[in-house]
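Structure, as structure tokens:
The values are calculated or read from the model by the stated rules, or taken from the named source; none is laboratory data. Worth saying up front: this structure is predicted, and the values here are computed from it rather than measured. Every residue, glycine as well, gets a Cβ built from its backbone with ideal geometry; the counts of neighbours run over all protein chains shown.
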Amino acid sequence: MTTPLISATVIGSWSFPGWYEKFIADVAAEPSRFGEADRAEAVNDAVRLAIDDQLCAGLDRITDGEMQRVDFNLGFYDFLEGIEPLPRSRCWGPPAHDQRSKYLCTAPLRAPGGLGVFDEFRRFRALTDAPCKVPVPGAYTLAGCLNGGIVYSDRDAVTEALIPIVNAELKSLAAAGADFLQLDEPSFACHPEDPDRFLDVIARTVKGVEAYISIHMCFGNYRARAVGWRSYRPLFPHVGRVRVHQLALEFASREMAEIELLAELPDTMDVAVGLVDVKNTWIEPPELVAERLRSVLRLVDAERVSVTPDCGFSQTARHIARAKARAMVDGVRLVRSEILGTDAG
């Protein structure tokens, strides 16, 4: 871990450049117009821009921006065998989670070529040696878009089938040198009813993975909309026993509600606190980010704290994402300089 005290980072996704979103739509509409080299060049260029945006903002740990993904998880179903798409029940009207793609399991789930994250990491490392994190969707969250059909009895059974697939992906990334892995499991924040099941699923998902592991649990951000009751209280105190090194939680969009819960965590658990809201277009002043961070540091030692946006920036306009990231970095530097007695710049 080479990042500074109270590192400023991102959750995972970055805003797609407008030209890249148009390119993706054109490829989907007329795939024969674009060769393999054309597609690879566009992806590489988009990743370069995501890297440049994040480094220019001053972030201490970055990602590839998830430039090859559909949302944070929907693209992964392209790597699974044993499923077929279901027709959408609602295609028109205000965007919401019921418009997301769903799939039917028609055979036991397999991912013989992995989930594609290894190739994302390899591309990223060819472009930069900056400290990074690699987000991977968790088994329970991936299971949310899968109907078990006659193959699996329920969501828990689908989750069981996905655990070894996700575990294998995490192990391949760690073996390739990814030292910071983030398990994206927002579904557990939205369905906190069975804590023992939650702890068991995560423990088996990360078993044998030699890396620093964070778990991101937000309340949903599809089209900038939440999907669950936005309270972490039902996760406590058992979430402090989850077999990861860091919890990544959202607070800014909830006006820092429930920040006091952080005091209930064991001092062996690190936290990544969401201090800028990705669901609005207002740019938080650095002084507000600093004020929010100080409230966190009254509860958690600085050595255990990182600062992030609430969620990924995929649903945020690029110019707003850049401004929010820069304000977040400036706010962190203000507080870091107060602690270390150095210049904030």
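General remarks:
- Residue match in segment 178-186 (condition: in contact (Cβ under 8 Å) with a residue 24 or more places away in the chain and assigned to a helix (DSSP H, G or I)): yes
- Subset of segment 287-345 (residues that are aliphatic (A, V, I, L, M) and assigned to a strand (DSSP E or B)): 305, 307
- Residue 53 vs. criteria farther than 23 Å from residue 249 by Cβ, free of Cβ contacts under 8 Å to residues at least 40 places away in the same chain and among the acidic types (Asp, Glu): no
- Against the numbered list (1) modelled with pLDDT of 95 or more; (2) surrounded by 17 or more Cβ atoms within 10 Å (Cβ to Cβ), residue 243 comes up short only at (2).
- Selection status of residue 166, at pLDDT 95 or above, in contact with a helix residue (DSSP H, G or I) (Cβ under 9 Å, 6 or more places away or on another chain), β-branched (Val, Ile, Thr) and not in a helix (DSSP H, G or I): no
- Any hit, segment 117-137, residues being modelled with pLDDT of 95 or more and more than 30 Å from residue 211 (Cα to Cα): no
- Within segment 44-72, restricting attention to residues that are in contact with a helix residue (DSSP H, G or I) (Cβ under 7 Å, 6 or more places away or on another chain) and under 24 Å from residue 101 (Cβ atoms), the residue that is surrounded by the fewest Cβ atoms within 10 Å (Cβ to Cβ) is 68.
- Among the residues of segment 53-111, the one identified as among the polar types (S, T, N, Q), at pLDDT 95 or above, out of contact with any Asp or Glu (no Cβ under 6 Å at 6 or more places or on another chain) and not in a helix (DSSP H, G or I) is 63.
- Residue 114 being outside any helix (DSSP H, G or I) and surrounded by fewer than 16 Cβ atoms within 10 Å (Cβ to Cβ): yes
- Flag for residue 126 being of a type in the set (Gly, Ala, Ser), touching a residue at least 40 places away in the same chain (Cβ under 8 Å) and either part of a loop (DSSP other than H, G, I, E, B) or surrounded by fewer than 13 Cβ atoms within 10 Å (Cβ to Cβ) (or both): no
- For segment 202-235, filtering for residues that are of a type in the set (A, V, I, L, M, F, W, C), surrounded by fewer than 23 Cβ atoms within 10 Å (Cβ to Cβ) and not in a loop (DSSP other than H, G, I, E, B) leaves 3.
- With respect to the conditions (1) touching a residue at least 24 places away in the same chain (Cβ under 8 Å); (2) within 26 Å of residue 243 (Cα to Cα); (3) surrounded by fewer than 16 Cβ atoms within 10 Å (Cβ to Cβ), residue 298 lacks only one, and its number is (1).
- Verdict on residue 179 being surrounded by fewer than 22 Cβ atoms within 10 Å (Cβ to Cβ) and over 22 Å from residue 250 (Cα atoms): yes
- Residues in segment 236-248 that are under 14 Å from residue 271 (Cβ atoms) and outside any helix (DSSP H, G or I): 236, 242, 244, 245, 246, 247, 248.
- Close pairs from segment 307-328: first over 22 Å from residue 296 (Cβ atoms), partner at pLDDT below 95 and basic (Lys, Arg), Cβ under 6 Å, at least 6 apart: none
- The condition of being farther than 30 Å from residue 98 by Cβ and in contact with a Pro (Cβ under 7 Å, 6 or more places away or on another chain) holds for only one of 240, 177, 220, that being 240.
- Yes/no for residue 338 being among the acidic types (Asp, Glu), under 21 Å from the mean Cα position of the chain (by Cα) and surrounded by fewer than 16 Cβ atoms within 10 Å (Cβ to Cβ): no
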